[in-house]
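Following: one structure in structure tokens, then a few remarks.
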Amino acid sequence: MDRPALADFLVRRRHELRPRDVGLPDGPRRRTAGLRREEVASLALMSTDYYTRLEQQRGPQPSTQILGSIARALRLTPDERDYLYRVAGHDAPAREVATEYVAPALLRVMDRLSDTPALVLNPLGEVLVQNGPARALLGDASGYTGLERSEVYRWFARPETERRRYPEDDRPRQSRAQVASLRAAYGSMGADSRVGELVRELQRLSPEFADLWDRHEVARRFADHKVLIHPEVGPIELDCQVLFTEDQTQALLVLTAAPNTKDEEKLRLVSVLGTQQFTDAR
């Protein structure tokens with residue numbers, strides 16, 4: 001771990017960013033250029049004290065998960081992210097592997113989508129980042145750990161809770177779409193990757209998954225027209241649109257309702273209700 005290089009890199013990248021670059025208001029005049037330490041820490045979901053110690057060459061060696069969060073908060077390019085990992089004493093992750101890193105281009109788009117649900121997913125169906133309306137509509141995904149971070153895993157491992165947000169007659173279609181998308185990820189990442197681990201565990205847990213997996217259906221899903229059932233406002237008819245990174249490893253999913261409809265009104269109401277009612281209902 002090269003503490004001086006790590007600290008200098010973090011400070012310089014923080015100074016190069018402006019609040020508007022990360023979806024924050026510019027606010028009053030600032031004494032120093034760039035973002036404040038507490039703003040970076042908040043974006044990276046860590047304590048300000050921990051982040052400050054890294055910049056002051058006093059912190060412990062950060063984990064790869066923390067580095068992924070910092071890379072996302074600082075909007076690092078893939079080359080900058082690799083450098084961050086190496087000066088922190090870790091090997092840079094293979095670029096085709098699902099990580100905590102989020103492409104800056106997707107983050108810039110999502111930062112501008114403050115009034116409609118938007119989230120970034122990796123090939124395993126893990127939510128890497130989501131905005132407030134997405135948390136209100138779908139629940140806060142930040143509390144999941146391990147395999148449960150994958151939507152595909154939760155769909156088959158605990159269907160009694162995960163499938164309630166879909167109408168019963170649409171669930172078989174969603175199951176096939178989940179497996180077909182995972183099969184596409186398996187083809188690009190391989191049996192020895194995290195997606196291979198996920199597949200093996202689901203084959204053990206779920207006969208339904210095992211049967212669908214044996215069909216060898218392959219398709220990237222996302223763009224869709226669907227109905228989601230919110231526990232407070234009921235069914236909402238939505239259009240799903242997706243923007244992929246160039247290497248197809250991350251997807252920005254945006255959910256919208258047709259204008260001037262009851263569904264648009266419901267979607268606005270969900271954002272007002274926030275995440276607390278959704279959590280209580282679950």
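Return the total of residues in region 145-180 being without any contact (Cβ under 8 Å) to a residue 60 or more places away in the chain, among the β-branched types (V, I, T) and part of a helix (DSSP H, G or I). Give the steps one after another, and end with the answer.
Here is the first cut: in region 145-180, the ones without any contact (Cβ under 8 Å) to a residue 60 or more places away in the chain are 145-160, 162-163, 168-180.
Now narrow it down to the ones that are among the β-branched types (V, I, T): 145, 152, 179.
Filter again for part of a helix (DSSP H, G or I), leaving 152, 179.
Final tally of qualifying residues: 2.
Condition test on L238, is it touching a residue at least 60 places away in the same chain (Cβ under 8 Å), part of a strand (DSSP E or B) and not aromatic (F, W, Y)?
Details: touching a residue at least 60 places away in the same chain (Cβ under 8 Å): no; part of a strand (DSSP E or B): yes; not aromatic (F, W, Y): yes.
So L238 does not fit the description; no.
Residues checked against (1) free of Cβ contacts under 8 Å to residues at least 40 places away in the same chain; (2) surrounded by 13 or more Cβ atoms within 10 Å (Cβ to Cβ):
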| residue | (1), (2) |
| --- | --- |
| A7 | no, yes |
| R20 | yes, no |
| R37 | yes, yes |
| V40 | yes, yes |
| R81 | yes, yes |
| V87 | no, yes |
| H90 | yes, yes |
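Within region 41-76, can you find the residues that are hydroxyl-bearing (S, T, Y), within 17 Å of the chain's Cα centre (by Cα) and over 18 Å from R3 (Cβ atoms)? Spell out how you get there, then give the answer.
Filtering region 41-76 down to residues hydroxyl-bearing (S, T, Y) leaves 42, 47-48, 50-52, 63-64, 69.
Within this subset, residues satisfying the condition of being within 17 Å of the chain's Cα centre (by Cα) are 42, 64, 69.
Hits for region 41-76 are S42, S69.
How many of the residues in region 77-127 are at pLDDT below 85, of a type in the set (G, A, S) and closer than 28 Å to E162 by Cβ?
The number of residues fulfilling the criteria is 3.
Restricting attention to region 45-59, does a residue exist that is free of Cβ contacts under 8 Å to residues at least 60 places away in the same chain, touching a helix residue (DSSP H, G or I) at 6+ places or on another chain (Cβ under 8 Å), crowded, with 19+ Cβ neighbours inside 10 Å and assigned to a helix (DSSP H, G or I)?
Yes, the conditions are met somewhere in region 45-59.
Out of (1) over 15 Å from A5 (Cβ atoms); (2) within 21 Å of the chain's Cα centre (by Cα); (3) not assigned by TED's automatic domain parsing to the domain that holds L182, what's the single condition that is false for E80?
So the condition that E80 fails would be (1).
Determine whether region 207-214 contains at least one residue that is surrounded by 13 or more Cβ atoms within 10 Å (Cβ to Cβ) and touching a Phe, Trp or Tyr at 6+ places or on another chain (Cβ under 8 Å). It would help to see each step written out before you state the result.
Of region 207-214, the ones surrounded by 13 or more Cβ atoms within 10 Å (Cβ to Cβ) are 208-210, 212-213.
After this cut, where a residue has to be touching a Phe, Trp or Tyr at 6+ places or on another chain (Cβ under 8 Å) as well, the list is 208-209.
Yes, region 207-214 contains at least one residue that is surrounded by 13 or more Cβ atoms within 10 Å (Cβ to Cβ) and touching a Phe, Trp or Tyr at 6+ places or on another chain (Cβ under 8 Å).
Kindly evaluate A258 against the criterion of being modelled with pLDDT under 95, in the same structural domain as G125 (by TED's automatic domain parsing), in contact with a strand residue (DSSP E or B) (Cβ under 7 Å, 6 or more places away or on another chain) and under 28 Å from D115 (Cβ atoms). Please lay out each step first, then the result.
Values: modelled with pLDDT under 95: yes; in the same structural domain as G125 (by TED's automatic domain parsing): yes; in contact with a strand residue (DSSP E or B) (Cβ under 7 Å, 6 or more places away or on another chain): no; under 28 Å from D115 (Cβ atoms): yes.
It is false that A258 is modelled with pLDDT under 95, in the same structural domain as G125 (by TED's automatic domain parsing), in contact with a strand residue (DSSP E or B) (Cβ under 7 Å, 6 or more places away or on another chain) and under 28 Å from D115 (Cβ atoms).
The values are calculated or read from the model by the stated rules, or taken from the named source; none is laboratory data. This one's a predicted model, so the numbers in the text were calculated from it and none came from an experiment. Methodologically, a virtual Cβ is constructed for each residue, glycine included, from the backbone with ideal geometry; neighbour enumeration extends over all protein chains shown.
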